[in-house]
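> Below is the structure I would like to discuss, written out as structure tokens.
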Amino acid sequence: MRVTSFDADAKPGNVRNFLAYEPDKARAVQLVRRRVPVREGEQAEAVAEADADELLDRRMKPGDVRQQD
């Protein structure tokens, strides 16, 4: 998951990356929007599927959302 803020000229600015333990992309975006401060003017989008081993290595459970390092 990626949350991107945009400047006054609509150019991408700050980018934050998150892992969401949810196989459905639309539901993963909803999870991030509910658990992470996504402000008006920011875009939350699913950009890639996470490897199951990565989620398990981080001790994530279904429904968890964590910011990536």
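> Going through Glu40, Glu54, Glu45 one at a time, which residue ends up being among the charged types (D, E, K, R) and in contact with a helix residue (DSSP H, G or I) (Cβ under 9 Å, 6 or more places away or on another chain)? Steps first, answer last, please.
Working: Glu40 fails: in contact with a helix residue (DSSP H, G or I) (Cβ under 9 Å, 6 or more places away or on another chain); Glu54 fails: in contact with a helix residue (DSSP H, G or I) (Cβ under 9 Å, 6 or more places away or on another chain).
Residue meeting the stated conditions: Glu45.
> Related question: From (1) surrounded by fewer than 13 Cβ atoms within 10 Å (Cβ to Cβ); (2) at pLDDT 90 or above; (3) under 10 Å from the mean Cα position of the chain (by Cα), pick out the condition that doesn't hold for Gln68.
Of the numbered conditions (1) surrounded by fewer than 13 Cβ atoms within 10 Å (Cβ to Cβ); (2) at pLDDT 90 or above; (3) under 10 Å from the mean Cα position of the chain (by Cα), the odd one out for Gln68 is (2).
> Another question, then. Restricted to segment 24-49, and to residues that are acidic (Asp, Glu) and within 29 Å of Ala8 (Cβ to Cβ), which residue is surrounded by the most Cβ atoms within 10 Å (Cβ to Cβ)? Before you say what the answer is, go through the steps one by one.
Our first condition is that a residue be acidic (Asp, Glu); within segment 24-49, this holds for 24, 40, 42, 45, 49.
So of that shortlist, the ones also within 29 Å of Ala8 (Cβ to Cβ) come out as 40, 42, 45.
Working: Glu40: 4, Glu42: 17, Glu45: 12.
Only one residue fits best here, namely Glu42.
The values are calculated or read from the model by the stated rules, or taken from the named source; none is laboratory data. Note that the structure is a prediction, hence the values are computed from the model and not measured. Every residue, glycine as well, gets a Cβ built from its backbone with ideal geometry; the counts of neighbours run over all protein chains shown.
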